[in-house]
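Written out below as structure tokens is the structure these notes cover.
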Amino acid sequence: MEMLLFRAFLAACALILLLVHAQEPGFISIDCGANSNYTDSQTGLYYVSDASFVETGISSSVALSYQSDSLEKPLWTLRSFPEGSKNCYHVKVTEHGRYLMRAYFFYGNYDEKVTPPKSFDLYLGVNLWDSVVLGDVSTSIFKEIIHVSPSNYIDVCLVNTGSGTPFISSLEFRPLRSTTYVTQSGSLMLYKRMNVQPTTNRTIRYPDDVFDRVWMAYNNPDWKQLSVVYIYDVDSNTDYKPPQIVLESAGTPKIASDPLQFSLSTPDSTSQLYVYMHFAEIEYLSENQSRRFNISLNGGLNGNFSSEPISPCYTCATTFHFPSVFIGGHCDILITKTEDSTLPPILNAVEFYLVKDFAQSETDQVDADAIKNIKSLYKIKDWQGDPCAPQEYLWDGLDCSFNGSNPPRIISLNLSSNGLTGEIPPHISNLTMIQHLDLSNNSLTGSVPEFLSQLPFLKTLNLSGNMLTGSVPVELTERSQKGSISLSVEGNPNLCASVSCGKKRKKKKVVVPVVASFASLFTLLAGLAIFWRLKM
Ligand SMILES: *[C@@H]1O[C@H](CO)[C@@H](O)[C@H](O)[C@H]1NC(C)=O
Ligand SMILES: *[C@@H]1O[C@H](CO)[C@@H](O)[C@H](O)[C@H]1NC(C)=O
Ligand SMILES: *[C@@H]1O[C@H](CO)[C@@H](O)[C@H](O)[C@H]1NC(C)=O
């Protein structure tokens, strides 16, 4: 009996391991506010608690009434950020990796105030990704973007814009093929992704979609549904790999001679749009049947574009996208059958993305590394994401210079009255553009380091009110006397600040004998004088 139980236990363990390993490589699924990791029963994906990705915020659960099977498990908990204007998740990813990133937001009355925040901003690193505008208590929304990460981490930040406490329910990263969703510039913000005239109204995602794209059912009143009759196994030979279930149905015009017409309004006339259309022949065509069509894009600044005829093959996927970005406020797509085609056009699925140009650069790497070292040294939790950017939310106590698209530089650091202990951090030596440094009214010990005198642009140095010892480096005192630096060192009882003690320390060997010989000369002269007077 015990043996049997043990075997059952082993089998269960193996199953769990299998589920864990069933995870697609590179998928990162973070359940914000969750206190443990689990495999989501709906998607089979392994979600991890957000504890190791974020330093701030408060974990909460949505109201009990929402915690049921009708709500995806990752949305049951969330993390809110009542403090600080900018709070960030720091996630390790593959450098230069192309990721589909998605953030979910579901309020669910977690704070029992029955009032979701009006809006807050979502940042990808130093750049605005989108504003999160919440509707009512029980509506979930998500933001999705396809982004190539320039470094081996991605910071996702929530910014309080004064319209309510920001929160986040889940955060997901899905690696994509580098050959797909390539843009001339910028990242791709999801606008619409549609499963056309579907056989099911349910939203499709992983495991149906290997990249976990979310496909919404779309029914056009002027179109009718075509769907597979025979057992169908799509060869997704395209890198886009649209899911089989999405390809198994398509829209076709109700009147066979009509084109499939599709209109989409973009946010404004400067919007840049990328369109991806997915096709797979659904009907088994006899020899005298054919389906061929052109795709054209009308209007917009790009003028008209018309594709070569497309003839989707049976049980295999074809992905079509326009060769360049479409710019304009209104996008009209016509899919028209060619003259020699016996069958009307079809469309199985379509995706629309808006280009998001990320122009702000991150803080200079050496500056950023130095200040992040200081942050971890003093465990300053309010310091989140990039130090200088976005400019409106730079770290408290910092000031930076911004010069066009160049990386911002740190020009001022003020850690006055922060309860700092230990020695003056050596990392400050790497803040080479710094002009103002205020470390006053702390409990710093040790000596005043020489490197402070080598910071070329330093204009203000306030070290007053600490417990520093030794003497102030001569160069600093000299710069202060010349007026090129404003130096404050008072209130350090064991620190010698006069030039002479700095000199005594540094140039002892040279100075002392000279002083001594002067002294002896003086004594000699005085002695001679006395002798001479006595003689008189
Ligand atoms: C540093 O901040 C304190 C207040 O916290 C302020 O009194 C002081 O003037 C600041 N120092 C500089 C150099 O701006
Ligand atoms: C010195 O710092 C403490 C906190 O560390 C603060 O309470 C006090 O007001 C500060 N004094 C001055 C003169 O800034
Ligand atoms: C200063 O920056 C260099 C280059 O990034 C680094 O190697 C060095 O360790 C840094 N020094 C300090 C004291 O942080």
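None of the figures in this text is laboratory data; all of them are computed from the coordinates on show. Everything quoted here is computed from the prediction, not taken from an experiment. Glycine gets a Cβ as well: all are built from the backbone with ideal geometry, and neighbour counts include every protein chain shown.
Data table
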| quantity | calculated |
| --- | --- |
| Around residue 239: net Lys/Arg minus Asp/Glu count, Cβ-Cβ under 12 Å | +3 |
| Neighbourhood charge, 12 Å Cβ-Cβ cut-off, centred on residue 172 and excluding it, Lys, Arg +1 and Asp, Glu -1 | -2 |
| 245, 434 arranged by Cβ crowding within 10 Å, fewest neighbours leading | 245, 434 |
| Centroid-to-centroid separation of the stretch 465-489 and the stretch 376-395 [C-alpha atoms, Å] | 28 |
| Within the stretch 151-243, chymotrypsin sites (Phe, Trp or Tyr not before Pro) in DSSP loop having at most 11 other beta-carbon neighbours inside 10 Å | 230 |
| ³J(HN,Hα) computed for each position of the stretch 458-468 - Karplus, 6.51 cos²θ - 1.76 cosθ + 1.60, integer Hz, glycine/proline x | 5, 10, 10, 9, 10, 10, 5, x, 10, 10, 6 |
| Surrounding net charge for residue 48, when Lys and Arg each add one and Asp and Glu each subtract one, Cβ distance under 12 Å | -4 |
| Phi-based couplings in Hz for the stretch 107-119 (Karplus 6.51, -1.76, 1.60; Gly and Pro marked x) | 6, x, 6, 4, 9, 6, 9, 6, 9, x, x, 5, 6 |
| Sum of -39500 (n - 2.57) over DSSP H runs of 4+, divided by residues of the chain (222 nm, nearest 500) | -5000 deg cm²/dmol |
| Ranking of 92, 337 by count of other Cβ atoms within 10 Å, fewest first | 92, 337 |
| For the chain, convex hull of alpha carbons as volume per residue, Å³ | 240 |
| Per DSSP, loop trypsin sites (Lys or Arg not before Pro) in the stretch 367-419 with at most 13 further Cβ within 10 Å | 379, 381 |
| Geometric extent, Cα atoms of the stretch 91-183 - Rg, Dmax (angstrom) | 14.6, 47 |
| Over the stretch 160-247, equivalent-ellipsoid semi-axes from the Cα gyration tensor in Å | 29, 19, 14 |
| Neighbour-count order for 177, 193, fewest beta carbons within 10 angstrom listed first | 177, 193 |
| For q = 0.13, 0.15, 0.19, 0.21 Å⁻¹, Debye-computed log10 I/I(0) when each Cα of the stretch 23-176 counts as one equal scatterer | -0.54, -0.74, -1.21, -1.47 |
| The stretch 103-170: trypsin sites (Lys or Arg not before Pro) in DSSP coil with no more than 14 other Cβ atoms inside 10 Å | 113, 118 |
| In Hz, Karplus ³J(HN,Hα) per residue of the stretch 150-163 (6.51, -1.76, 1.60; θ = phi - 60°; x = Gly, Pro) | x, 10, 8, 8, 10, 9, 10, 10, 10, 10, 7, 9, x, 10 |
| Amide H partners (placed H, <5 Å) of residue 347, local residues excluded | 251 |
| Amide H contacts under 5 Å for residue 471, placed H, 5+ residues apart | 448, 496 |
| Radius, Kirkwood style, for the stretch 180-358 when every pair of distinct Cα atoms is counted (Å) | 16.6 |
